[in-house]
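Have a look at the structure below, then the notes.
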Amino acid sequence: MAVKETGITYEAVMRDLVAQNFAPVYLLMGDEPYFIDKISAYIEEHALQPEEKDFNQVVAFGSDITAPQVVDLAREFPLMASRRVVIIKEAQGMKSGDGLEKYLAAPVSSTVLVLCYKGGKADRGVVAKAKAKGVVFESKKKRDYELPAFVEGYVKMQKAVIDHKAAEMIADHVGSDLARLTSEVDKVLISLPEDNRQITPEVVEEQIGISKDFNIFELKNAVVAKDVFKANQIMNYFDNNPKAGSLYAVVPLLFNYFQNLMIAFYAPERTNENSVASFLGLKSPWAAKEYISGMRNYNAMKVMQIIHMIKSVDARSKGLGNVSATASDLAKELLFFIMH
């Protein structure tokens, strides 16, 4: 199998696995356990036939094994099967690393060795050797702004479609825990009729209990449009329904928007959707509409002041220079500053 670079994507790894193209070494590492678990689980389930697993598949935890023992297991030859599979979960807990790099430099071709390092990276020597002979995949945490796209991609894989706003609603409600996020999406998917596999904001509202009209993305839309009445309506809703939205969800969302809006002012053609989308690195011209609208409603000086205010509110929400203001007070103060 061809050498894989450390920048390989989850989708690329899975394509090879589905095609039964197994590498002799998989080094899976990083802060996001979801993709590590998915890849290792697929190998555990599909690399061998059920009747081959008893004698040819070993799954162990790093805290229960040493590197020399892993090497010994990997060097054994398969019994009545074409390959042997050795999966080490929580490999960062291995008691000794002696001998592992030497094995990775010349792995047994009939063995699929999977090393799962969660919460960080393996040693450079291990990474370099694994990269030369197999697959090194770094599983990175998704940023908040990447979550809706992740939801959309996941739903597409389940042969369904989801409205962008519905994806935003679910992502905001659940957060960056991808295992929980996909679990919530699965619940919604199960509720869909076979003849209509489409997730709309109304479906999300019904199945998860998130308001399609009063959520942080609708608040952002109201801010972008400078709709004072709608923005205050949503903020008051949050006061009575804390789970729907709070200062701690609003601050990062607005900071990300206004930070990008500040950059958008430097775009060569500020009224052209394609130009603004390209300048900001957005996936589609459609996504540039809110920035073009924002540039009509806010000038660059006001945006700079808003960014400073968001930082100040964020610091005060963490207790810096704040004696008595509640999160709700700070949210309303921020909203008033932005809209006036």
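The values are calculated or read from the model by the stated rules, or taken from the named source; none is laboratory data. What you see is a predicted model, and the numbers here were worked out from it, not measured in a lab. Because the Cβ atoms are built from the backbone with ideal geometry, glycine has one as well, and the counts that use them run over all protein chains shown. For the accessible areas, the whole protein counts, side chains as well, though only heavy atoms, and no ligand, DNA or RNA atoms are used. Shrake-Rupley method; radii C 1.70, N 1.55, O 1.52, S 1.80 Å.
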### Task
Please quote Rg/Rh for the stretch 28-124 to two decimal places, taking the Kirkwood radius as Rh and restricting both calculations to Cα atoms.
0.95
### Helix 247-264 vs. the chain, principal-axis angle (Cα, 0 to 90°, nearest 10)
80 degrees
#### Entry: Extreme residue, positive dipole direction of the stretch 69-192, given options Ala149, Ile170, Tyr103 (C-beta unit charges)
Tyr103
### Query
Longest segment of the chain with no GluC sites (Glu not before Pro) in a DSSP loop having at most 14 other Cβ atoms within 10 Å?
6-193
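For the chain, what does the accessible surface come to per residue with a 1.4 Å probe? Please give it in Å².
Details: 17490 Å² over 340 residues.
Per residue, the chain has an accessible area of 51 Å².
May I ask you to work out the translational diffusion coefficient for the stretch 241-315 at 37 °C, viscosity 0.692 mPa s, via Stokes-Einstein with Rh from the Kirkwood sum over Cα pairs, reported in whole µm²/s? Intermediate results must be reported in sequence, preceding the final value.
Details: Rh = 13.1 Å.
It diffuses with D of about 251 µm²/s by this estimate.
Can you pull out the chymotrypsin sites (Phe, Trp or Tyr not before Pro) in the stretch 189-280 that DSSP calls coil and that have at most 10 other Cβ atoms within 10 Å? Can you show the working numbers first?
On the way: sites: Phe214, Phe217, Phe229, Tyr237, Phe238, Tyr248, Phe255, Tyr257, Phe258, Phe265, Tyr266, Phe279; in loops: Phe214, Phe265, Tyr266.
Passing both the DSSP loop test and the Cβ count: Tyr266.
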#### Entry: Accessible surface of the chain [probe 1.4 Å, protein heavy atoms]: carbon and sulfur percent
51 percent
### Query
With the Cα gyration tensor of the stretch 126-252 giving a ≥ b ≥ c as the square roots of its eigenvalues, does the rule (a/c under 1.5 for rounded; else a/b larger than b/c for prolate; else oblate) give rounded, prolate or oblate?
oblate
### Message
What does the charge count around Val85 come to, taking other residues whose C-beta lies under 10 Å from its C-beta (Lys +1, Arg +1, Asp -1, Glu -1)?
### Response
+1
### Query
Which of these, Met80, Met309, Met262, has the largest mean-square fluctuation under a Gaussian network model of the chain (Cα springs below 10 Å)?
Met80
### Label point 7 Å beyond Cα of Tyr145 along Cβ direction - residues of the stretch 302-323 with amide nitrogen under 18 Å
303-311
#### Entry: Pairwise label distance in nanometres, Phe265 with Ile307, each label 7 Å out on the Cα-Cβ vector
0.8 nm
### Query
Amide H to amide H, which residues 5 or more places from Thr111 or on other chains are under 5 Å from it, using H placed in the peptide plane?
Arg84
### Task
For the chain, calculate the relative contact order in percent as a whole number, restricting contacts to Cα pairs under 8 Å that are 6 or more residues apart.
14 percent
### Task
Calculate the dipole size of the chain relative to its Cα centre from +1 charges on Lys and Arg beta carbons and -1 charges on Asp and Glu beta carbons; express the result in debye to the nearest 20.
1040 debye
### Task
Please work out whether the stretch 190-315 counts as rounded, prolate or oblate from its C-alpha gyration tensor, where a ≥ b ≥ c are the square roots of the eigenvalues and a/c under 1.5 means rounded, while otherwise a/b larger than b/c means prolate and anything else oblate?
oblate
